[in-house]
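Trainee: Sharing a structure with you now.
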Amino acid sequence: MKQTSWMQIWAQALPDMIGGLRISLTLTAVVLVIGIPCGLVLSLGSGSRAKALRWLCYAIVEIGRGTPALVTLYIIYYGFPDIGLKLSSFVSAVVGLVITTAAYSCEYIRSGLRSVPHSQIEAGEALALPRTDIYRRIVIPQGMRIAVPALMSYSIQLFQMTSLTYNITLRELTSVSYSLGMKTFQYLAVFVLAGLIYAAISGVCSALVKLLEQRLSLTK
């Protein structure tokens, strides 16, 4: 009887939760599209010969990694209005998670770039290629290929991290689930369904990451 009751609750809650899931997935996609290129820029900047630029990038990365994502979201959504800058919950979520994503993806990409054999860089220099062309044609393509599995694994964590934006009133999956729980007082049933949705998507993505890693290892 209890199982049937849960199924009825899930059937009623699912349409609203799909709407919240859509926002969670959209937020994840937007943050990845912006955050990973920012991470690439930071990784290149941290390897720059210009000392000021190198230390600036190091500082941004350490702040982004050292500050909890929830605190960053609070600063942007609740703190910025104190200095006259009020952002919507979605924009605040994008900005906050991009900062965190750029900092972490910088480390993954930098590790990938460092994995490119130095002999290939020396070969480019022997051909009198400009440094920018060496990075654009040799280092970055290979380094990014190496970093792809780690970046995809992080994207799964990012999808789960979007649940933090419930705290800044964004109507994503967790927020919608909580609202449904308040209406029905069936918190356990609603949040079990939310957990299953998160787990299903994360599981599929994890399987794709493993498949990609196998294919990349075969093509080396």
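The values are calculated or read from the model by the stated rules, or taken from the named source; none is laboratory data. Here the structure is a predicted model, which means the values were calculated and not measured. Note that each Cβ is placed from the backbone with ideal geometry, even for glycine, and that neighbours are counted across all protein chains shown. Accessible surface is based on the protein model in full, side chains and every heavy atom, while ligands, DNA and RNA are left aside. Shrake-Rupley method; radii C 1.70, N 1.55, O 1.52, S 1.80 Å.
Trainee: Kindly state, to the nearest 0.05, the FRET efficiency for residue 62 paired with residue 12, given R0 = 41 Å and r defined as their beta-carbon distance.
Mentor: Taking R0 as 41 Å, the efficiency between residue 62 and residue 12 is 0.30.
Trainee: Excluding residue 106 itself, calculate the net charge of residues whose Cβ lies under 11 Å from the Cβ of residue 106, where each Lys or Arg counts +1 and each Asp or Glu counts -1.
Mentor: Once all neighbours under 11 Å are counted, the net charge is 0.
Trainee: I've got another one for you. Might you tell me the accessible area per residue for the chain, computed with a 1.4 Å probe and given in Å²?
Mentor: Ligands and nucleic acids excluded, the figure is 56 Å² per residue.
Trainee: Here's another thing I want to ask about it. Which residues in the range 26-69 have a backbone N closer than 20 Å to a point placed 7 Å from the Cα of residue 129 along the Cα-to-Cβ line?
Mentor: Under cut-off, by backbone N: 40-41, 43-45, 47-49.
Trainee: Further question on the same structure: Using r as the Cβ-Cβ distance of residue 153 and residue 70, and R0 as 30 Å, what FRET efficiency do you calculate, to the nearest 0.05?
Mentor: Using R0 = 30 Å, I get an efficiency of 0.90.
Trainee: When a/c is below 1.5 the answer is rounded, else prolate if a/b is larger than b/c, else oblate, so apply that to the range 123-220 with a ≥ b ≥ c taken from the square roots of the Cα gyration tensor eigenvalues.
Mentor: It comes out oblate by the Cα gyration axes.
Trainee: Compare the peptides 115-128, 26-39 by average per-residue count of other Cβ atoms within 10 angstrom and give them in order, highest first.
Mentor: Those peptides, ordered most packed to least, come out 26-39, 115-128.
Trainee: Find the relative contact order for the chain and round it to a whole percent, using C-alpha pairs within less than 8 Å whose residues are 6+ positions apart.
Mentor: Result for the chain is 28 percent.
Trainee: Using the C-alpha gyration tensor of the chain, what are the square roots of 5 times its eigenvalues, in whole angstrom, with the largest one first?
Mentor: They are 40, 23, 11 Å, listed from largest to smallest.
Trainee: So, one more: Once you put a point 7 Å from the Cα of residue 34 and another 7 Å from the Cα of residue 118, both along the Cβ direction, what distance in nm separates them?
Mentor: For the pair residue 34/residue 118, the computed spacing is 3.8 nm.
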